[in-house]
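Peer 1: Once you've had a glance at the structure underneath, I'll fire off some questions.
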Amino acid sequence: MALEKFSEIYHRAATRKGSNSDLEQRLAHPKSVKELGEIPDDRWLATFSQKIFQSGMNWQVVRNKWPGFEEVFWGFDIEKMCLTPPEMWEEKATNPAIIRHLGKVMTIPHNAQMMKSAAKQHGSFAKFVAEWPESDIIGLWAHLKKHGSRLGGNTGPYSLRMMGKDTFILSGDVEGYLRAHKIIDGGRDTRKSLHAAQEAFNQWQEESGRPLCQISQIIAFSVGDNSY
């Protein structure tokens with residue numbers, strides 16, 4: 001695959017942001033495998049749930065309501081979520097302390113079960129995520145989409161990024177760059193497009209030594225409106 005040199009992408013992004021220093025200050029830093037593996041599983045479920053509720057809504061509204069979510073859902077304790085009977089979920093979905101949306105509320109027990117299954121094999125869901133190779137991060141996206149609920153699209157990747165797992169994100173700017181340079185065509189979430197994107201990011205990572213999240217940001221900062 002003939003790719004634009006990452007040094008050229010970086011130079012363009014730094015120029016647009018003012019300087020190398022200005023650009024570097026904007027970049028994310030992923031957690032280490034050890035740090036990721038030590039995050040309690042309830043925090044992963046809380047983050048997935050928050051991102052699901054933020055989808056299609058004002059993010060700040062969800063953040064303002066979040067203390068109510070933590071209380072209503074018992075701190076997103078995985079075992080409690082898995083043992084809660086269906087009728088109680090319907091009752092919780094009407095609680096004014098949260099955003100009342102039964103469809104999104106019902107993702108919580110589904111995703112808790114998905115996480116519990118992974119924990120049985122890996123010791124914890126956190127360790128499962130921590131040990132997943134970034135060179136196949138799209139494989140982790142696919143797992144979350146297949147086995148979880150409403151974790152497809154960018155919801156899963158944004159959740160991973162928020163928790164510190166190294167991942168690129170196909171934001172509008174990044175997708176636009178990949179299309180403009182003919183790295184992907186057709187549907188963004190097709191297997192062909194995702195594999196082409198992963199291959200490109202792997203090459204840029206080998207060239208630059210940077211984590212995927214920074215490569216993703218730098219590409220976004222080098223083009224478009226930087227809505228990232």
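Residue by residue, here is whether (1) in contact (Cβ under 8 Å) with a residue 24 or more places away in the chain; (2) more than 20 Å from Leu140 (Cα to Cα); (3) in contact with a Phe, Trp or Tyr (Cβ under 6 Å, 6 or more places away or on another chain) holds:
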position	(1), (2), (3)
Gly172	yes, yes, no
Gly187	no, no, no
Ala196	yes, no, no
Asn202	yes, no, no
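Peer 1: I would also like to ask the following. Within segment 66-106, restricting attention to residues that are part of a loop (DSSP other than H, G, I, E, B) and in contact (Cβ under 8 Å) with a residue 40 or more places away in the chain, which residue is farthest from Gln54 (Cα to Cα)?
Peer 2: So, considering only residues that are part of a loop (DSSP other than H, G, I, E, B) and in contact (Cβ under 8 Å) with a residue 40 or more places away in the chain, the one farthest from Gln54 (Cα to Cα) is Met106.
Peer 1: Quick check, is Ser117 in a helix (DSSP H, G or I), hydroxyl-bearing (Ser, Thr, Tyr), touching a residue at least 24 places away in the same chain (Cβ under 8 Å) and crowded, with 16+ Cβ neighbours inside 10 Å?
Peer 2: When the stated conditions are applied, Ser117 does not pass them.
Peer 1: Another one. Answer yes if at least one residue in segment 14-32 is among the aliphatic types (A, V, I, L, M), more than 23 Å from Val174 (Cβ to Cβ) and modelled with pLDDT of 95 or more, and no otherwise.
Peer 2: no
Peer 1: Among Leu36, Leu23, which is the only one that is aliphatic (A, V, I, L, M) and within 25 Å of Trp66 (Cα to Cα)?
Peer 2: Sole residue among the options that is aliphatic (A, V, I, L, M) and within 25 Å of Trp66 (Cα to Cα): Leu36.
Peer 1: Any idea which of (1) charged (D, E, K, R); (2) within 20 Å of Leu27 (Cβ to Cβ); (3) outside any helix (DSSP H, G or I) is the one Lys182 doesn't satisfy?
Peer 2: (2)
Peer 1: Further question: Do we have any residue at all in segment 67-84 that's under 20 Å from Gly152 (Cβ atoms), open to solvent by less than 50 Å² (accessible area, probe 1.4 Å), out of contact with any strand residue (DSSP E or B) (no Cβ under 6 Å at 6 or more places or on another chain) and among the charged types (D, E, K, R)?
Peer 2: no
Peer 1: Among the candidates Lys104, Lys127, Lys145, Lys165, single out the residue that is at pLDDT 95 or above, charged (D, E, K, R) and surrounded by fewer than 19 Cβ atoms within 10 Å (Cβ to Cβ).
Peer 2: Lys145
Peer 1: Still on this structure, I have one more. Looking at Gln217, is it closer than 30 Å to Ala46 by Cβ, in contact with a helix residue (DSSP H, G or I) (Cβ under 7 Å, 6 or more places away or on another chain) and part of a helix (DSSP H, G or I)?
Peer 2: So Gln217 fails the test.
The values are calculated or read from the model by the stated rules, or taken from the named source; none is laboratory data. In this text the structure is predicted, and so the values were computed from the model without any measurement. Don't worry about glycine lacking a Cβ; one is built from the backbone with ideal geometry, like all the others, and counts go over all protein chains shown. Side chains included, ligands, DNA and RNA excluded: accessible areas come from the protein's heavy atoms. Shrake-Rupley method; radii C 1.70, N 1.55, O 1.52, S 1.80 Å.
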